Amino acid sequence: MPSPSSPAPGTRPHNLARILRLVHEEGAQSRAALTETTGLNRSTIADLVGELIRLGLVDERIPETPGRVGRPSPVVAASSDVVAIAVNPEVDAVEIAAIGLDRSIRLRKRVLNEALPTPQGLTTLLAETLQEWCDGPLRQARITAIGIAVPGLVRASDGVVRNAPHLEWRDVPLADLVADGCGIATVVDNDASLGAIAEHRYGAGHGIDDIVYLNGGASGIGGGLIIRGVPVAGAGGYAGEFGQNRPRITDDADRRTADGVLEAEVSRRLLLDVVGLEAADDDVLAAELSTSGSPDAAAEVSRQGRVLAGALANAVNVLNPAVIVLGGFLATLGELRREEIMDAVTELAMAESAEGLGIRSAALGADRLLIGAAELAFAGLIANPAERG
């Protein structure tokens with residue numbers, strides 16, 4: 001995810017950005033708490049909060065504290081009426097959400113695809129959805145930007161989708177196309193990279209600085225990296241494509257392809273097939289796999305868990321993360337076969353690299369990619385609230 005240019009430290013614009021980021025990421029806080037966290041004096045905090053209120057980015061309100069005697073101090077909260085539109089186009093469905101600066105999910109819809117979505121078709125769907133929402137529940141809101149999480153290689157600097165093979169998109173200037181069609185600034189990045197950021201800030205990786213995130217979706221497997229607390233994108237912005245690596249498979253009986261990549265061997269489609277589903281979201285698939293008494297389903301879950309463990313061991317040896325976070329259908333595999341996967345990773349990886357390793361399911365569940373897309377959309381505003389507010 002590209003980092004918007006930030007004001008110089010110690011300047012008024014920089015301090016405005018600090019306050020806005022704190023209430024966005026940490027939630028509503030009193031002026032006293034902001035004073036303690038930032039080290040700024042009370043009059044400066046009062047002035048900064050006043051400006052953010054004038055810009056319409058925060059509200060100051062009395063918190064609800066049942067049973068408390070006396071009038072509580074007001075808290076500063078990010079505005080729910082400043083909204084980002086978050087989008088995740090997949091081969092089976094397109095998900096769209098309106099997410100407030102206070103991180104509330106105000107609206108959400110999932111549109112099933114009758115055919116693969118095209119870039120122009122996605123733009124039309126977004127324009128129609130925005131018109132409907134802005135005429136109704138969002139008519140009092142201010143939409144700051146659209147953030148799109150794409151399952152493919154994205155040049156985040158200009159929002160060009162270089163290659164989303166499962167969507168059959170190549171060299172699509174998606175940010176410009178959607179911005180022109182919807183009249184709203186648009187930013188685009190890889191879905192798993194955004195999922196990694198969301199889980200690092202608010203989910204299973206919160207407070208942890210070295211994370212490998214793997215996302216399992218209808219388009220396959222992608223990944224995101226957080227190293228020393230910073231998202232790592234690589235030279236072209238394409239780092240983390242774990243799904244395109246070839247896993248170590250020691251037992252030929254576990255192999256489904258002659259020389260297949262990870263996402264061909266560990267596949268959502270194969271899991272759907274083994275429980276007899278044509279299509280389903282992650283929650284339905286997880287429920288079916290958890291309750292199925294089919295020996296074939298159990299065998300396929302175990303097989304995919306073994307193959308996944310080999311790929312995770314390679315990631316552990318190369319990157320030495322503190323935590324691996326699994327999202328989408330990979331979280332289901334992790335929950336159903338957690339001990340077996342952990343034992344296999346420990347066996348295959350270097351002992352020193354695997355020491356203290358944790359493997360966790362994405363805590364944000366089905367919201368993870370949309371929250372990541374909203375973070376991308378809010379990034380410019382939070383970095384420069386005085387300019388963009």
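The values are calculated or read from the model by the stated rules, or taken from the named source; none is laboratory data. Computed from a predicted model, the values in this text were never measured in an experiment. Positions of Cβ are backbone-derived with ideal geometry, glycine not excepted, and every protein chain shown enters the neighbour counts. The area values use the complete protein model at the heavy-atom level, side chains included, leaving out ligands, DNA and RNA. Shrake-Rupley method; radii C 1.70, N 1.55, O 1.52, S 1.80 Å.
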Quiz item: Based on the Cβ-Cβ distance of D254 and A322, what FRET efficiency does E = 1/(1 + (r/R0)^6) give at R0 = 30 Å, to the nearest 0.05?
Solution: 0.60
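Taking 0.36 nm per residue of separation and subtracting the Cα-Cα distance, what length does fully extending S30 through A93 add?
Working: separation 63, 0.36 × 63 = 22.68 nm, distance 4.11 nm.
Contour length minus the Cα-Cα distance gives 18.6 nm.
How far, in nm, would the chain grow between R61 and H166 when pulled straight, counting 0.36 nm per residue and subtracting the alpha carbon separation?
On the way: separation 105, 0.36 × 105 = 37.80 nm, distance 4.68 nm.
Stretched fully, the R61-H166 segment lengthens by 33.1 nm.
Before I look further, what does segment 1-50 give for accessible area per residue, probe 1.4 Å, in whole square angstrom? Walk me through the intermediate numbers first.
Numbers: 2600 Å² over 50 residues.
Heavy-atom accessible area per residue stands at 52 Å².
Compute the accessible area per residue over segment 114-206, keeping the other protein chains in place, probe 1.4 Å, unit Å².
Details: 3910 Å² over 93 residues.
Here the residues of segment 114-206 average 42 Å² of exposed surface.
Given Cα pairs under 8 Å that are at least 6 residues apart, what percent is the relative contact order of the chain? Before the final figure, lay out the partial values.
Working: 769 pairs, mean separation 69.0, N = 389.
Relative CO of the chain lands at 18 percent.
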Practice problem: Principal axes first, then extents: for the Cα atoms of segment 247-345, list largest minus smallest coordinate on each axis, whole Å, largest first. | Solution: 37, 30, 20
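Express the carbon and sulfur contribution to the solvent-accessible surface of the chain as a percent, rounded to the nearest whole number, probe 1.4 angstrom.
Its accessible area is 49 percent carbon and sulfur atoms.
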Quiz item: On full extension of the chain, what length is gained from A351 through A287, given 0.36 nm per residue of separation minus the C-alpha to C-alpha distance?
Solution: 19.6 nm
Self-check item: DSSP loop trypsin sites (Lys or Arg not before Pro) with at most 14 other Cβ within 10 Å: longest gap in the chain
Solution: 249-389
